[in-house]
Amino acid sequence: MSTLTKIFIVLMVIFSIAFSMMAVSFVGDKTDWRSLAKGYKAQQQIAETNMKTAAAAHAAEKTIWLDAKNALDDRVAALEARVVDQQAEIAELRDELARERAEKSDSGALAQRLASELQIAQNGWLEQRKQREEIDNRNMELERRNLDLNERVNEQTAQIVVLVQEQRQLEQQINILKEENTKLARAGAVPATQLEETAVGLDRVSPVASSTGSPVRGSIVEVQGKILTISVGSSDGVQEGMVFVIHRGSQYVGDLEVTDVEPNLSAGRLVRSQTTPLPNDQVADEASL
């Protein structure tokens, strides 16, 4: 029930009372007071009944309105709490949005930095590739020159080995002649000075080295003091008692006499040396030189 309706009911009640009083006054002048009093009493009872009915209706309506108001207050409180929650959620979403924007900005800066570093790396890779091509070309040239030098070194090494062998043979002949000279001098058969001149003259003779069979060449595998192991054996034609000349490039190292032969390896002792043999030093049989 609206407020206007309530006001209308109250006015109706007031008008009814006023009308009743006016009616009582009018009737008191024209009619019997007792009958009028009874009539008024009945009307009063009716009016009181109506008033009680209207008051009860008003109280019931008030109760309804209070219940509705409480319900609305509860709903308003719930809505206000929901608004607070939504505001907090909006604030969190705004903070999250700000963080995401900051992360996006950082990601963009990182991507730009990575792109710059990638460009620098690509430029460096191209430069390194160019340098590598130049180095490869230089290496090819150096390898070609190295092959040429190796061929020349091998040729000169062979010549040096031959010369060393000739020198050794001459030294052996000189030692033999000196020994014979000493023996003859002791026996008194020939003057010592004549034999010494003969021996000295042999120093100027260049003996011709004869090569028999195919040459046997290899390298030193292991060095244990004066015992050496070489990479050739009986399958290569090595026999016990053979002598090998050891050389390191163009440098003469010494002589090796074979004492033990296996199919693919041989071992012997160092009988003469100018320097210490090392693994990978080259060896060549004396008979082929």
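The values are calculated or read from the model by the stated rules, or taken from the named source; none is laboratory data. Model, not experiment: these values are computed from the prediction. So basically every Cβ, Gly included, is an ideal-geometry build from the backbone, and we count neighbours across all protein chains shown. Calculation scope for accessible area: heavy atoms of the full protein, side chains included, ligands and nucleic acids excluded. Shrake-Rupley method; radii C 1.70, N 1.55, O 1.52, S 1.80 Å.
Whole number please: convex hull volume per residue of the Cα set in the range 83-128, in Å³?
Considering the Cα atoms of the range 83-128, their hull volume per residue is 33 Å³.
Express the carbon and sulfur contribution to the solvent-accessible surface of the range 1-123 as a percent, rounded to the nearest whole number, probe 1.4 angstrom.
64
In whole angstrom, note down how far apart the Cα centers of the range 77-116 and the range 229-278 are.
85
Grab the beta carbon distance between residue 163 and residue 217, set R0 = 25 Å, and tell me the FRET efficiency rounded to 0.05.
Result of the calculation: an efficiency of 0.90.
Using r as the Cβ-Cβ distance of residue 12 and residue 72, and R0 as 22 Å, what FRET efficiency do you calculate, to the nearest 0.05?
0.15
Could you give the length gained by full extension between residue 144 and residue 235, i.e. 0.36 nm per residue of separation minus their alpha carbon distance, to one decimal place?
29.4 nm
Please list, ordered by chain and number, the residues whose modelled amide H lies under 5 Å from the amide H of residue 219; skip anything fewer than 5 residues away on the same chain.
Long-range HN contacts for residue 219: 231, 232, 283.
Provide, for q = 0.09, 0.12, 0.13 Å⁻¹, the log10 of I(q)/I(0) from a solvent-free Debye sum over equal Cα point scatterers in the range 40-152.
-0.70, -0.83, -0.87
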